[in-house]
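Data first, discussion second: the structure below is written as structure tokens.
The values are calculated or read from the model by the stated rules, or taken from the named source; none is laboratory data. These figures come from a predicted structure and were not determined experimentally. Cβ coordinates were reconstructed from backbone atoms using ideal geometry, including for glycine residues, and neighbour counts include every protein chain displayed.
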Amino acid sequence: MKIRSGRLAFVALAVAALLVGAGALVLHSPDAVAASAGVEDEGAGCSVPALPDAGSLPTNAKLPDPFKKLDGSRITNKSDWTCRREEIKKLAEKFVYGEKPAKPQTVSGTVSRTSITVNVTNAGKSASYSAAVDLPSGTGPFPAVFVLGGFGADTAAIKAAGAAVITYDPYAVGKEGTPRTNKQGAFYTIYGANSSTGLLMAWAWGVSRLIDVIEQSGGSILRGDATGVTGCSRFGKGAFVIGAFDQRIQLTMPIESGSAGVPIFRGIPGEGAQSLSSAYGEQPWLGDAFGSFTSSPNRLPVDTHEMVAMVAPRGLFIMDNPHIVNLGPKSASVAALGGAEVYKALGAGDSITYWSDIQDGNHCANRPEWRTPLQQNIQRYLLKTSSAPGSFHVSSKASGNLAEWRDWTTPTLGGGTTSPTPSASQSPSASPSQSPSQSPSQSASQSPSQSPSQSPSQSPSQSASQSPSQSPSQSPSQSGGSNGGCTASVSLNQWTGGFVVTVKVTAGSAPISGWTVNTTLPSGTTITNTWNATRSGNSFSNVQYNGSVPAGQSTEFGFQGTGTATGTTATCAAR
């Protein structure tokens, strides 16, 4: 599975120039990433005003202004961002994720060429966990990318770029499948099984303690000043939160994170992505306090575009899938575009990349489009050997319009630059999805597959319980069948214990107005959720927006399940 693809103490940077060329949006600027001593939270010393109470929050359908401080004034200087970021952090902890405690009283451990061990003690309670290390060729010390559950990045591409892979088991720190009143894992051993902090923040805490140990190890094997993080699906949610809440992470790379990940909370209900109540109830990913906002996200004083902004001006590479509406890709593009406004204001516009212009619609599949930018991001932010600028490649199938979501403008912030200007002379890379005249806040036309009328109750990110060391394998499309007017072809993304099946429905020589696909699966499989179709047993029918298919054209739907789906076949009948 491929993704594609920090940290700093900065005062200010030159104003970014927005360059659009050859169809790709490229935001050039002075390099915003400057090495600094390891600081998990640079704003910890900021004075943050009292946060509002949940009962007093106004309703606002627009995205909150990331530049507006809690006292009502707007920041005017780049140096103001440190404390504004801290305000966003506190709001996100209180209303969305739960608190991320500061570094415990004692953190110790070891780093070897094959593993990292962590031992934590706080207030008389102790916990331990470990992570596997896979080094690239060379002598080191090496930068490293945390791969949540081994389920995210193309680890071969990461190592080929010169970075080590740290396989981090999030479930050792915060276990899924537990009630909110009895959470399990190392984090909850320390802070209590009934802690109001959700799993995503617990996972973030776990990575921070691993970085503590790397920093304490002396840097002979791994570099504590050059770490990245990635994950896909639920682990993409985790990677996003990890990067936002630890400023030692120099490169954050979430993939297809879905609801509770990158997509703006306010956009999810209208897009038809996994509902907020479903995401909140499926696992205790989000903090307990978020429960009061699942049906009223417009009351939230923060949204995920501000979590994107929390990563600024460090490296951020968001990878998304426009083919699965349940993942909320349109809402994710809006979050990226909104966060990019902060990047631009900080003079770091070329430090963010958003890429959803992909061909393969399978969930968490290998993406050839992402391999090069993945390695370029690693080389730029972890190895410091590249200055390749970030860019936006937004698929026209799921392109959000930031202008519809904001009533604030991006200020020109004062302040100078403290980091060298990169020698970036690269031409903007071409993207077929975005015209040269299109700004990041402009929307491409929306595909019918992104109809707001769809409201599935589950997301493709709801994968079956999976061992973190098990990486999925993808099989090529299997032959499909026809039973009048349409054909169905099957693509399978399989890992031990689970799978995602994507079915392409193609009309024949004449247009069709509806379709039904009957599938045959191996015995022992169980389907856990479906998107872009209505399911009855192993039979799937179109939903309102994707029944009409022009002659020779295609639409797709998918389903996820447990067991082994190798050999799945499908036949299509037009209606």
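For this structure, a couple of remarks:
This table checks each residue for (1) among the basic types (Lys, Arg); (2) assigned to a helix (DSSP H, G or I); (3) surrounded by fewer than 24 Cβ atoms within 10 Å (Cβ to Cβ).
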position: Ile190; (1), (2), (3): no, yes, yes
position: Ser195; (1), (2), (3): no, no, yes
position: Gly218; (1), (2), (3): no, no, yes
position: Gly236; (1), (2), (3): no, yes, no
position: Ala244; (1), (2), (3): no, yes, no
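- Among the criteria (1) within 22 Å of Gly243 (Cβ to Cβ); (2) crowded, with 24+ Cβ neighbours inside 10 Å, the one Asn326 does not fulfil is (1).
- In region 74-89, the count of residues that are at positive phi and out of contact with any Gly (no Cβ under 6 Å at 6 or more places or on another chain) is zero.
- Residue list for region 529-546, restricted to those being under 21 Å from Asn321 (Cα atoms) and either hydrophobic (A, V, I, L, M, F, W, C) or surrounded by 15 or more Cβ atoms within 10 Å (Cβ to Cβ) (or both): Asn529, Thr530, Trp531, Asn532, Ala533, Asn542, Val543, Tyr545, Asn546
- Of the helices (runs of 4 or more DSSP H) lying entirely inside region 271-369, those containing at least 3 residues that are of a type in the set (A, V, I, L, M) are 304-311, 329-345.
- Taken as a whole, the condition of being crowded, with 17+ Cβ neighbours inside 10 Å and either in contact with a helix residue (DSSP H, G or I) (Cβ under 8 Å, 6 or more places away or on another chain) or outside the structural domain of Leu383 (by TED's automatic domain parsing) (or both) does not apply to Pro58.
- Residue match in region 554-567 (condition: surrounded by fewer than 15 Cβ atoms within 10 Å (Cβ to Cβ), of a type outside the set (D, E, K, R), assigned to a loop (DSSP other than H, G, I, E, B) and within 29 Å of the chain's Cα centre (by Cα)): yes
- Residue list for region 76-98, filter: surrounded by fewer than 23 Cβ atoms within 10 Å (Cβ to Cβ) and assigned to a loop (DSSP other than H, G, I, E, B): Thr76
- Test: Ala336 is crowded, with 24+ Cβ neighbours inside 10 Å, among the hydrophobic types (A, V, I, L, M, F, W, C) and in contact with a His (Cβ under 9 Å, 6 or more places away or on another chain): yes
- Among residues of region 199-220 that are over 16 Å from Val133 (Cα atoms), those with a Cβ under 6 angstrom from a residue that is among the aromatic types (Phe, Trp, Tyr) and not in a helix (DSSP H, G or I), sequence gap 6+ or separate chain, pair up as Leu199/Trp285; Leu200/Trp285.
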